[in-house]
Every structure is written in C-alpha cells, then in structure tokens.
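Structure first, commentary second.
The values are calculated or read from the model by the stated rules, or taken from the named source; none is laboratory data. Note that the structure is predicted; figures quoted are calculated from it, not measured. Here Cβ is always computed from backbone atoms with ideal geometry, including for glycine, and neighbour counts include all displayed protein chains. Heads up: the accessible areas ignore ligands, DNA and RNA and are worked out on the full protein's heavy atoms, side chains in. Shrake-Rupley method; radii C 1.70, N 1.55, O 1.52, S 1.80 Å.
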Amino acid sequence: MNGGSLGQRGSYGSLLCDGKSSNNARKPSSKMLPVSSREKERVLLGITRCLGRRRFAMLLLVSLALLVFIWGSFTVTKETTSPTVRPTGSIHFDNIAIVSHRSTVCHYRVNSTLGHPCDKFSLPPPPPSGGRRIGPRPCPVCYISAEQARASMPCSSSASPVLHNLTYVVDENPVKTESHGGSDFGGYPSLKQRTDSFDIRESMTVHCGFVKGNRPGFQTGFDIDEADLMKLEDSHEVIVASAIFGNYDIIQQPQNISEAARKNVPFYMFIDKETEMYLKNSSALDSNMRIGLWRIIVVRNIPYTDARRNGKVPKLLLHRLLPNVRYSIWIDGKLQLVVDPYQVLERFLWQQNASFAISRHYRRFDVFEEAEANKAAGKYGNSSIDYQIEFYKKEGLSPYSKAKLPITSDVPEGCVIIREHIPITNLFTCLWFNEVDRFTARDQLSFSTVRDKMMAKVDWSINMFLDCERRNFVIQAYHKDLLDQMPTPVAPAIRHPPPLHRDSSSGRSSGKNSRRGRDRRSGSRQHRKAAAGIREKQAFL
C-alpha cells in the first residue's frame with residue numbers, strides 16, 4: 001500500500017514520529033529492485049514533515065519551560081522581599097545562647113503561601129440555652145503538629161515596650177514601715193514604692209521577692225539545694241513548671257508529649273519537705289529525684305505558713321528561679337498536661353503575637369463578683385478580701401463592662417500561665433506578686449489592677465483566651481484533701497441465685513415446687529390480660 005500514512009498512531013491517538021518510516025516503508029532487502037524516484041520523494045517528504053512537527057513540539061516545550069521559570073523567579077523574589085515571610089524548615093535552638101532583648105523579631109508561618117492551617121478554624125456554636133445547666137467543659141482547639149510548632153518558634157525575643165532593663169531590690173534587713181501587709185521575703189515595699197513601680201521606664205529596679213540575697217534560692221527564704229540551683233540556671237528555650245506545697249495535690253503525669261519535648265523541655269516540680277516525705281513514703285520518688293517526666297525540686301525555709309501562698313513564689317517569680325529560660329508554661333499541681341508544650345506555645349503565644357497568655361474565668365468577669373464568690377466559698381478571710389477590694393475601689397477599680405473592650409475579662413482562671421520571659425512580662429509578674437504579698441493570696445483579685453495600671457503606661461496586652469480552651473490541654477483533678485474525704489468505692493455485691501430444693505432420689509426439682517412456680521407465672525399473665533381488658537373497655541366508654 002503506497003498510499004499509507006507517514007506516521008503510526010499509538011494507543012492515545014498520538015503520532016509516533018521516532019525518525020523511522022512506518023510499516024509501509026520497510027527497509028528494502030538485497031534481493032529487492034531499487035526503489036523508484038517517486039517512492040524516494042515520498043519517504044523524504046514524510047521524514048521532513050515528522051521532523052518539522054518534532055521541532056515545533058520541542059520549541060513549544062522550551063517556551064513553556066521558560067515561562068514557568070520566569071514566573072517562579074518572580075514569585076520567589078516577591079516572597080523573599082515580603083516582611084511577613086515565614087520559613088517552613090525546622091529550627092533548633094539547643095545550643096543557641098539566649099538574648100534577653102533583640103531589635104528584630106522574626107515572623108513565622110507554617111506555609112507562607114496558604115496561610116496558617118488554623119486561620120479558618122472557628123469554635124462550634126454554644127449549646128442552646130435552657131434546660132439543665134451545663135458546667136465548664138473543654139472545647140475544640142486547633143493545633144498544628146508538634147514538629148511544625150517547634151519549627152515556628154520565633155528566632156528572637158519579642159520587643160519589650162519601653163522597659164529594657166529590669167533589676168530587683170536587695171535588702172538584707174527589710175523593715176516593715178507600714179501597718180498592713182507584706183513580708184520579709186517580699187521586702188515590705190512602701191505604698192510610694194508601689195506607686196513608682198507602675199511608672200514604667202527604660203530601666204527600673206523593683207521589689208520582686210528574694211530580697212535578702214543576690215541569688216534567688218540561696219539564703220533568701222525559699223532555699224534550694226546547690227545542685228538543683230545549678231540545674232535551674234541552665235539555658236533552655238522552653239520549660240514546664242508546677243508546684244505542690246503542704247502535700248496538697250497528687251502529681252499528674254503529662255501525656256501526649258513529643259520526643260522533641262521529652263528531650264529538650266525540662267519539667268520542674270517544686271515541693272516542700274512535707275510533700276517530699278509523703279512521696280518517699282509512697283515510694284514514688286526515685287534516687288534521681290524524678291517522678292516520670294517531673295524533676296523534683298525540694299524547697300526549704302519556705303517563707304509563708306500558708307501553702308497556697310508559698311505556691312505563688314514559683315508561679316509568679318519563675319523568671320527569677322530560672323533566669324536563662326525563654327518560654328515557660330506554668331500549671332497548678334492539680335492539673336495534668338495532655339498537649340505537647342510546643343503546640344500550646346504556638347497556639348496561645350506565637351500564633352497570637354503575644355508574650356503573655358492566661359485563660360479567663362469560665363463564668364465571672366467582674367472582680368467584685370469574684371470577691372463575693374471567694375467569701376462565700378471561704379477561700380480567704382472576709383475582712384482581708386473586703387480591705388483589698390476597698391483599697392482598689394479608692395484607686396479607681398470599677399465593675400467590668402463592655403466599655404473595657406477589647407479587654408474581655410477582669411478575672412483570670414490563674415491555674416495556667418503561658419509566658420515569654422522578657423522584661424515587660426517579668427515586671428508584670430513581679431508587681432502581681434507584690435499585690436499577693438501585700439493583700440490576700442487570691443491572685444484573681446489583683447490581676448486586673450496590675451494589668452490595667454501597666455496598660456495605661458505602655459502598649460502591651462495579655463492574651464486572655466477562653467477557659468474551655470484551657471480545659472482542652474489540661475485536665476483538672478481534685479485536691480488531695482477532697483480525695484481523702486471521698487468514700488472508698490465499694491465493690492458491687494455479687495448476688496447468687498437461691499438454691500433449688502431438689503429431690504434426693506432423682507436429683508430433679510420436686511414437682512410440687514415446680515408446679516407452684518408455673519401456677520404463679522400463669523396467674524400473673526392472667527392478671528395482666530384482665531387489667532389490659534379493663535383498660536380497653538374504659539377507653540371505649
């Protein structure tokens with residue numbers, strides 16, 4: 001067939017031009033006659049057309065590749081010059097020295113093109129009102145993976161507005177000059193010193209506990225063994241801390257902790273001698289002073305007789321006990337952490353561009369209501385609470401209202417504190433501790449006063465997230481005294497069926513008893529049928 005096509009089509013209809021002629025243009029054998037000139041022209045024409053198509057295809061491919069290259073170069077240039085670019089690779093800080101303040105701040109996103117995976121996440125609608133009241137419950141929270149969260153850690157510290165250098169009062173012999181409040185451990189700051197501490201300047205010196213020495217934890221009250229002090233002074237990017245004083249709680253082991261966090265994030269639990277004795281007697285404490293992930297730090301010469309007030313020292317002055325830490329997560333001793341620390345920090349600090357985060361109370365937003373609730377529950381002496389609230393009222397404390405927005409609450413749920421250790425947050429917790437030292441140990445009552453006084457001076461705010469979000473990453477257990485009061489659970493009684501009276505000769509139940517059982521059952525059925533018939537008759541009447 002001399003009129004056949006010059007190319008062969010494959011299974012998808014494409015023309016196979018591989019430089020060879022088709023089946024109709026076979027290679028002549030030595031026995032065949034020489035081909036005519038007309039056949040030669042047809043073969044050459046077919047080859048020329050095929051080569052032409054191939055050149056055109058190659059030219060088209062090269063053009064497309066060039067276009068893609070130019071567009072990719074433009075995109076890369078645009079992203080690298082943008083101030084909001086966030087690298088996606090992992091960043092490790094294991095051996096990097098910590099700098100307290102830097103002039104530049106890095107911004108990160110998990111994916112610079114698509115945005116953060118949680119940007120479109122929203123909480124589900126609240127349950128409908130009415131009916132049985134539902135107590136506080138956890139709600140869904142969007143976390144990125146622990147690996148992505150660790151990779152999104154900022155490469156430098158956040159800016160500390162106005163305040164750059166913060167030092168602390170040292171007084172070997174503090175003297176109480178006013179009649180009310182304060183302690184040797186806190187140094188008895190006067191009302192004038194208290195007022196001056198809220199005048200935020202570039203360099204400040206304030207009372208912040210541990211006034212009797214230059215080294216917190218060494219002959220200052222709240223003393224810690226030298227080996228533990230050296231461990232606390234190590235440099236770390238992230239730590240988790242808690243405390244139990246007065247044997248008040250049972251240690252809860254963290255769950256769902258990534259391998260990176262297990263390797264790089266220390267978990268410190270501060271306890272007193274009473275709690276240490278209990279742990280030793282229960283054989284929970286090993287020879288390395290560890291219980292699971294927790295490294296146990298024993299505190300001696302505790303400054304207060306009130307165990308809860310002693311717990312405020314590591315809670316609010318953690319930056320003094322661990323001076324070389326960038327980020328910390330504080331959880332009360334009754335809580336169990338069930339989300340990786342890197343994920344918690346990414347969700348509530350880094351993603352929000354915040355340096356301090358705490359959850360708000362699930363129901364109360366007003367300090368006056370919180371004070372009344374504390375008195376009703378017997379959390380502290382009524383006269384002490386009244387004195388503190390009257391003092392704040394004279395300073396201008398008013399009930400919470402929508403006029404305070406975007407501030408969403410004046411009452412925190414203070415059992416979790418997530419913070420970056422920079423001068424402004426260190427000052428906040430110092431001044432908050434001074435209020436706890438001067439007035440009552442109920443830190444919810446003094447939180448908003450310190451916050452509002454600082455916010456009036458500098459452009460700084462606190463991320464107060466929902467309490468249901470807090471309940472997502474920590475599980476709350478009962479205090480030990482409540483657990484001791486609970487009755488011991490009783491094992492359910494096993495009820496055995498009554499023995500049957502059997503005939504000794506046959507081993508079977510006697511016919512008399514068996515008949516009585518059948519008669520009783522049949523009588524019950526007859527009674528039910530009769531009652532049903534009466535109801536049917538009444539229905540028709």
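At-a-glance table
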| read-out | value |
| --- | --- |
| Gain in span if fully extended, R215 to N301, counting 0.36 nm per residue against the direct Cα distance | 29.5 nm |
| Taking all pairs of distinct alpha-carbon atoms in segment 284-374, Kirkwood radius in angstrom | 16.4 Å |
| Kirkwood Rh, Cα atoms: Rg over Rh of segment 144-265 | 1.04 |
| Length added when fully stretched, K394-L229, from 0.36 nm per residue minus Cα-Cα | 55.2 nm |
| Per-residue ³J(HN,Hα) for segment 427-443, Karplus 6.51 cos²θ - 1.76 cosθ + 1.60, θ = phi - 60°, Hz, x for Gly and Pro | 5, 4, 6, 4, 5, 5, 5, 4, 5, 5, 5, 7, 10, 7, 7, 7, 5 |
| Cα gyration tensor shape for segment 300-451, rounded if a/c is under 1.5, else prolate or oblate | oblate |
| Calculated log₁₀ intensity ratio I(q)/I(0) where the Debye formula runs over C-alpha points of segment 176-237, q = 0.23 Å⁻¹ | -0.97 |
| Count of Lys pairs (Cα-Cα under 28 Å; at least 8 positions apart or interchain) in segment 211-368 | 22 |
| In order through segment 353-364: 3J(HN,Hα) via Karplus (6.51 cos²θ - 1.76 cosθ + 1.60), integer Hz, x for Gly, Pro | 6, 10, 10, 8, 9, 7, 7, 8, 4, 6, 10, 9 |
| Distance-filtered residues of segment 220-240 - backbone nitrogen under 11 Å, label point 7 angstrom along N324 Cα→Cβ | 230-237 |
| Area accessible to solvent at I296, 1.4 Å probe radius, in Å² | 0 Å² |
| Radius 15 Å from Cβ of A441, net charge of other residues (Lys, Arg +1; Asp, Glu -1) | +2 |
